[in-house]
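A.B. asks: Got a structure here, written out as structure tokens. Questions coming.
The values are calculated or read from the model by the stated rules, or taken from the named source; none is laboratory data. Everything quoted here is computed from the prediction, not taken from an experiment. Counting neighbours? That spans all protein chains shown, and the Cβs are built from the backbone with ideal geometry, glycine included.
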Amino acid sequence: MRKILLPLLFISVLPFSSCKDDADAPTQQTTLYFPPTNSSAWETVTAQELGWNTAAVPQLLDYLEDNNTRAFILLKDGKIVMEHYFGAVASGAPFTASSNWYWASAGKTLTAFMVGKAQEDGLLTIADKTSKYLGNGWSSLTPAQEDKITIRHHLTMTTGLNDGVPDNHCSDASCLTYLAPPGTRWAYHNGPYNLLTDVVAAASGKTFNSYFDSQLKNKIGMDGNWTTIGNDYVYISTARSMARFGLLVLNKGKWGTTTVLNDQAYITDMLTPSQNLNQSYGYLWWLNGQPSYMVPTLQRTFAGSASPDAPSDMVAAIGKNGQLINIVPSQNLILIRMGENPDNSDVSLEFQNELWKKINPIIQ
């Protein structure tokens, strides 16, 4: 890939750890590169320069193409090492760096970030009850039951609302029915999640789009927009915008010297186990390397790491049909994958793990 020459923006960072105990985190500072916010230019580094095993790259690319991938990006220290596009858009034109694609549930992590920003701005606290912002009757619960559900329960998928309704993406009051006390049951339930954008909008006095654009998107040079697909509010953008957000999170809410989210306690909580029911789930982020994990639709706990072949400190945004942001703080790696359905699952943990089986021979 041709190397792009441009003025560079670097910052020294100490990457976060996905565990509360940072004993195993790197002790040396590492330089991260941040692409300019007003340009499409992005510095690159080759796999050869990094000393990676380039002989294993074709197998990775074949796997990506065979599994309906449209975009794949791998960043090291903020620079692009690999960037590949496959297939075509609906019009038949080739899928390229300027093509847009939906994040699906990977966009939940954008919402989690914005809830933290709203809290930092003094607009809400995650301990607030949901009805403070949505009013009474946002669900089919009694007022007493409803008042026990907080914003934090939405962030952690522990509202106790029944995810077994005919459409668990529906956020109408008639779809939100009682099943268990909040905080006692983990269930991957999109309906209650969808209400978080309404909470942020009510707290900020702006549309969620407007608040998002001014407080996140414009500050780091993202493109894209939020749109309604069925009952879900979904973000659509280029793969590079996905990579920008991953880089922001890797650097703990700072874009170079610009602070986007300064609340380090919230960022830590967002990226560490948020409850004891599903230890591999933070605030709408999936966490690797934990003792156990749960998956959507099943009330069962599985022992071990959610993606055992991926780095143990990896945190992940995961969306339907294999939309992925994987962040590995210990190695300053960010992986982006956009595409069509590789495995028929809402949360593609198995596909993610298989992908890392192909990446490990390259980077190790």
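Let's see how each residue does on (1) at pLDDT 95 or above; (2) part of a helix (DSSP H, G or I); (3) touching a Lys or Arg at 6+ places or on another chain (Cβ under 8 Å):
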position	(1), (2), (3)
184	yes, no, no
187	yes, no, no
191	yes, yes, no
195	yes, yes, no
199	yes, yes, no
216	yes, yes, yes
234	yes, no, no
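A.B. asks: Mind listing whichever residues of region 176-206 are closer than 19 Å to residue 126 by Cα and among the β-branched types (Val, Ile, Thr)?
C.D. replies: Scanning region 176-206 gives 184, 197, 199, 200.
For (1) more than 21 Å from residue 318 (Cα to Cα); (2) out of contact with any Leu (no Cβ under 9 Å at 6 or more places or on another chain), each residue gets a yes or a no:
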residue	(1), (2)
36	yes, no
62	yes, yes
67	no, no
78	no, no
99	no, yes
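A.B. asks: Can you confirm whether residue 207 is farther than 28 Å from residue 255 by Cβ, surrounded by fewer than 19 Cβ atoms within 10 Å (Cβ to Cβ) and without any contact (Cβ under 8 Å) to a residue 40 or more places away in the chain?
C.D. replies: no
A.B. asks: Being hydrophobic (A, V, I, L, M, F, W, C) and either surrounded by fewer than 18 Cβ atoms within 10 Å (Cβ to Cβ) or farther than 28 Å from residue 31 by Cα (or both) is the requirement here; does residue 106 meet it?
C.D. replies: no
A.B. asks: Could you tell me whether any residue of region 82-98 is of a type in the set (D, E, K, R) and in contact (Cβ under 8 Å) with a residue 40 or more places away in the chain?
C.D. replies: Looking for residues that are of a type in the set (D, E, K, R) and in contact (Cβ under 8 Å) with a residue 40 or more places away in the chain, one finds at least one in region 82-98, hence yes.
A.B. asks: Check off (1) assigned to a loop (DSSP other than H, G, I, E, B); (2) buried (at least 16 other Cβ atoms within 10 Å of the Cβ); (3) not small (Gly, Ala, Ser) for residue 74 and give me the number that stays unchecked.
C.D. replies: Looking at each condition in turn, residue 74 falls short on (1).
A.B. asks: Here is a further query. Do we have residue 265 as surrounded by fewer than 15 Cβ atoms within 10 Å (Cβ to Cβ), modelled with pLDDT of 95 or more and either at negative phi or not hydroxyl-bearing (Ser, Thr, Tyr) (or both) here?
C.D. replies: Yes.
A.B. asks: What's the number of the only condition in (1) part of a loop (DSSP other than H, G, I, E, B); (2) at pLDDT 60 or above; (3) not acidic (Asp, Glu) that residue 31 fails to meet?
C.D. replies: Only one criterion in (1) part of a loop (DSSP other than H, G, I, E, B); (2) at pLDDT 60 or above; (3) not acidic (Asp, Glu) is unmet by residue 31, namely (1).
A.B. asks: Applying the selection to region 270-314, what residues are more than 19 Å from residue 355 (Cα to Cα), in contact with a helix residue (DSSP H, G or I) (Cβ under 9 Å, 6 or more places away or on another chain) and surrounded by fewer than 20 Cβ atoms within 10 Å (Cβ to Cβ)?
C.D. replies: 275, 277
Condition check ((1) out of contact with any strand residue (DSSP E or B) (no Cβ under 8 Å at 6 or more places or on another chain); (2) crowded, with 17+ Cβ neighbours inside 10 Å; (3) not in a strand (DSSP E or B)) across all residues:
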site: 326; (1), (2), (3): no, yes, no
site: 344; (1), (2), (3): yes, no, yes
site: 347; (1), (2), (3): no, yes, yes
site: 351; (1), (2), (3): yes, yes, yes
site: 360; (1), (2), (3): yes, no, yes
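A.B. asks: Now for a separate question. Do the conditions hold for residue 335, that is, is it touching a Leu at 6+ places or on another chain (Cβ under 7 Å), touching a residue at least 12 places away in the same chain (Cβ under 8 Å) and either in a loop (DSSP other than H, G, I, E, B) or within 27 Å of residue 56 (Cβ to Cβ) (or both)?
C.D. replies: Numbers: touching a Leu at 6+ places or on another chain (Cβ under 7 Å): yes; touching a residue at least 12 places away in the same chain (Cβ under 8 Å): yes; either in a loop (DSSP other than H, G, I, E, B) or within 27 Å of residue 56 (Cβ to Cβ) (or both): yes.
The answer is yes for residue 335.
A.B. asks: For the subset of region 154-198 comprising residues that are out of contact with any helix residue (DSSP H, G or I) (no Cβ under 7 Å at 6 or more places or on another chain), β-branched (Val, Ile, Thr) and surrounded by 22 or more Cβ atoms within 10 Å (Cβ to Cβ), which member is nearest to residue 281 (Cα to Cα)?
C.D. replies: 156
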